[in-house]
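Report on the structure given below.
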Amino acid sequence: MRRWGGSIGLAAATLLLAACGGGGGPPSNGGATGGAPAPTPTPPPAGQVFAVPAAESLSTAEVGTIIAQAAAEARARGVAATIAVTDRVGNVLGVFAMPGAAPTARIPSARDGSNNDAQGLTIPSAAAAIAKAITGAYLSSGGNAFSTRTASFIVQEHFPPAPSTLGLESGPLFGVQFSQLPCSDLAARLSDGLIGPKRSPLGLAADPGGFPLYQNGVVVGGIGVIADGTYGFDPNVLDRDNDVDEAVALAGTVGFEAPVNIRADRITADGTSLRYTDIEYPQLSNVAGASFASTPGALVPVAGYYSGAGLLAGAVYGTEASGVRASTAAEFANRDAFVLSNGAGVNRYPVRGGSDVGDVPQPLTAAEALLILEEAFAVMSRARAQIRQPLDSRAQVTISLVDTRGVVLGIVRSPDAPIFGIDVSLQKARTANFFSGRFAAAELLAASGEVPQFVARLRSFLGDPNALTGGFAFSDRAGGNLSRPHFPDGEVAQANGPLSRPIDKFSPFSTGLQSALVLGNLAQHLGFVTGASAQDTPRACTSLPGVGGGNPRLANGIQIFPGSVPVYRGGQLVGGIGVSGDGIDQDDMISFLGLHNGAARAGGGLGNAPREIRADRIVVQVGSRQVRLRYVNCPFAPFIDSTAQNVCEGL
């Protein structure tokens, strides 16, 4: 059985979903069946194991067609929508407001009526539409097509989210919505001269109404729509919603549909199909022939994202203009490797040695960093994918390595890994390093707002007054255990973990420490977007103190789902490695086993954390029983080229 995440339980495997979403059926929308199969995948070049996506991109005319089709569906449904289109790397190609479109939308309050973090905020409709479009583009690839409804499915406190699934664990990508943040030091900005991947004004969206756009089986961008005034999520997957945002956005994809056999409803986690859409193509109006030139409405500028001066063409992913390109032999010997580039051929994150000289006795060297990244890439290249079709595809991810200051020592990715994993892999690497360091508690206590309170809550919960001072090594899986609104995860009779909100105050817009760390950044940025403030958020998330004259260690926020481990030299923390882009067990394995293999090649005492200090040695008393944290969880039958099992056992 293919797995996405750890043990979710028999109930999830046997749950019958009332509607799985997806395409198919006879056309009633002017020719779009929604059921076009993917073209036969291009075989990889000789000597490589991954195919490079074909050179496809959106023209300005095609962007206009997409907007016009969405607007035609909105008019047919009697609503006025704000519509955004992006390319694969997040460049905003057009934002269009129909006459009467509401300029703002509202994020729902918590279930107890309170507002914490992003809950209850009034936000610009254009920001919501952009976030939805970016989500559709960033979560998708040539092997999987995910929508914002898919995102809603996988980020909530139970998986699948429904009234009848209480007691099941949280979604596999719980917390991913707080990535691609507008304060991220990795994400490019319209004003900084850097090219993609671009930031999102609201992180990733869980509100239905965002889809990827495809040409010839290649993801070329995304569309996002908001018309109903609410920027929320779907708490119940057992019914089928008639969501106007989703219908309007889906109409925009006509002629640019995701291949049916890679849509989310064709991908399962522990036997549960994911969700792509509750609206089918035959339910749409006939939008064929819709013309942008004759569509009532106007392009609207969005500060920090789009000038409003005209429609733009998308970048061809994989070219220098996209900011993601194939590596040179001097950068990585593996011919499948891709890197981030500055638009002039310069690698934004070349492999380097640690910046933390004086902080640790023996920082990582550039040679050691390269070996770790190469070996993690080799593990990925053999790994069986969780979220890609066809079955037995290879996993595709982004891998990031940092030193103890959170400084990037290298980023490498496979050709068709989803874009969201770039920022998330760096979040994961930094999170594992941060919470394993002797500095974590002191820096959290020095932060502003509510953040310091989480240190006291954690220490009380663990019964350890010295927690977060370097005594234990925390993977993201272990930290995630403590960041769920029930501990143990999913058990509704239990209280929240110490780094989470209580369940009555929790939602995907307020997760706990993760969201509290970036609340000030989000508020400042939204003020900039609306024009209330002339100053944008700094290019560094959190109010944590800077380190070594630079950014905070968590300069793009933290992540709370698995896929990272800290890096040690003997008993000394020297950094963190993070992986993102496939199933979380695959991400765990690539980081843990890749570090092990790279350290074996490098020597010098490098490796995973000593077993006696790994966070799975931490036991929490819950009522009359003891619950142990988890460190990593490697998948069943992990490799394409081997029948080996239990590949992480004993390491």
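The values are calculated or read from the model by the stated rules, or taken from the named source; none is laboratory data. Because the structure is predicted, anything quoted here is derived from the model rather than measured. Neighbour counts are summed over all protein chains in view; Cβ atoms, including those assigned to glycine, are modelled from backbone coordinates with ideal geometry.
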Discussion item. Against the condition buried (at least 24 other Cβ atoms within 10 Å of the Cβ), in the same structural domain as Val360 (by TED's automatic domain parsing) and aliphatic (A, V, I, L, M), how does Ile613 come out, does it pass?
Written reply: no
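To keep it simple, each residue is scored yes or no on (1) over 18 Å from Thr82 (Cα atoms); (2) crowded, with 19+ Cβ neighbours inside 10 Å; (3) among the aromatic types (Phe, Trp, Tyr).
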{"position": "Val237", "(1), (2), (3)": "yes, yes, no"}
{"position": "Ala251", "(1), (2), (3)": "no, yes, no"}
{"position": "Ile267", "(1), (2), (3)": "yes, yes, no"}
{"position": "Thr277", "(1), (2), (3)": "yes, yes, no"}
{"position": "Ser285", "(1), (2), (3)": "yes, no, no"}
{"position": "Ala288", "(1), (2), (3)": "yes, no, no"}
{"position": "Tyr306", "(1), (2), (3)": "no, yes, yes"}
{"position": "Ala313", "(1), (2), (3)": "yes, no, no"}
{"position": "Tyr317", "(1), (2), (3)": "yes, yes, yes"}
Worksheet entry | Sole exception among (1) assigned to a loop (DSSP other than H, G, I, E, B); (2) touching a Phe, Trp or Tyr at 6+ places or on another chain (Cβ under 9 Å); (3) within 20 Å of Arg240 (Cβ to Cβ); (4) not charged (D, E, K, R) for Ser140, by number | (3)
Fill in: Criterion (modelled with pLDDT of 95 or more and surrounded by fewer than 18 Cβ atoms within 10 Å (Cβ to Cβ)) met by exactly one of Ala344, Ala366, Ala385
Ala366
Item to complete: Go through segment 388-432 and count every residue that is within 19 Å of Pro182 (Cα to Cα) and modelled with pLDDT under 95.
Response: 0
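Filter segment 85-104 down to the residues that are of a type outside the set (S, T, N, Q) and either under 26 Å from the mean Cα position of the chain (by Cα) or part of a strand (DSSP E or B) (or both) and list them by number.
Looking only at segment 85-104, we keep the residues that are of a type outside the set (S, T, N, Q), and these are 85, 87-90, 92-103.
Within segment 85-104, Val85, Asp87, Arg88, Val89, Gly90, Val92, Leu93, Gly94, Val95, Phe96, Ala97 meet the criteria.
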Discussion item. Go through segment 480-517 and report how many residues are under 22 Å from Ala151 (Cβ atoms), among the hydrophobic types (A, V, I, L, M, F, W, C) and out of contact with any Leu (no Cβ under 6 Å at 6 or more places or on another chain).
Written reply: 5
Practice prompt. Would you point out which residue out of Ala80, Ala51 is part of a loop (DSSP other than H, G, I, E, B), hydrophobic (A, V, I, L, M, F, W, C) and closer than 30 Å to Ser510 by Cβ?
Written response: Ala80
Fill in: Any hit, segment 117-126, residues being surrounded by fewer than 22 Cβ atoms within 10 Å (Cβ to Cβ), free of Cβ contacts under 8 Å to residues at least 60 places away in the same chain and among the β-branched types (Val, Ile, Thr)
yes
Worksheet item: Does Ala80 count as more than 20 Å from Gly310 (Cβ to Cβ), more than 23 Å from the chain's Cα centre (by Cα) and crowded, with 24+ Cβ neighbours inside 10 Å?
Response: no
Worksheet item: Considering segment 509-550 alone, what residues qualify as being within 24 Å of Ile154 (Cβ to Cβ) and in contact with an Asp or Glu (Cβ under 7 Å, 6 or more places away or on another chain)?
Response: Phe509, Ser510, Ser515, Ala516, Leu519
Worksheet item: Restricting the search to segment 60-79, which residues are closer than 16 Å to Ala290 by Cβ and of a type in the set (Gly, Ala, Ser)?
Response: Ala61, Gly64, Ala68, Ala70, Ala71, Ala72, Ala74, Ala76
Worksheet item: Which of the residues that make up segment 301-310 are part of a loop (DSSP other than H, G, I, E, B) and either without any contact (Cβ under 8 Å) to a residue 12 or more places away in the chain or within 27 Å of the chain's Cα centre (by Cα) (or both)?
Response: Pro301, Ala303, Gly304, Tyr305, Ser307, Ala309
Worksheet item: Quick one: would you say Leu238 is under 24 Å from Leu181 (Cβ atoms) and hydrophobic (A, V, I, L, M, F, W, C)?
Response: no
Worksheet item: Can you name the helices (runs of 4 or more DSSP H) wholly within segment 435-553 that have at least 1 residues being over 30 Å from Ser125 (Cβ atoms)?
Response: 440-445, 451-462, 476-481
Item to complete: List the strands (runs of 3 or more DSSP E) that sit entirely inside segment 319-403 and contain at least 1 residues that are not assigned by TED's automatic domain parsing to the domain that holds Ala555.
Response: 324-326, 338-340
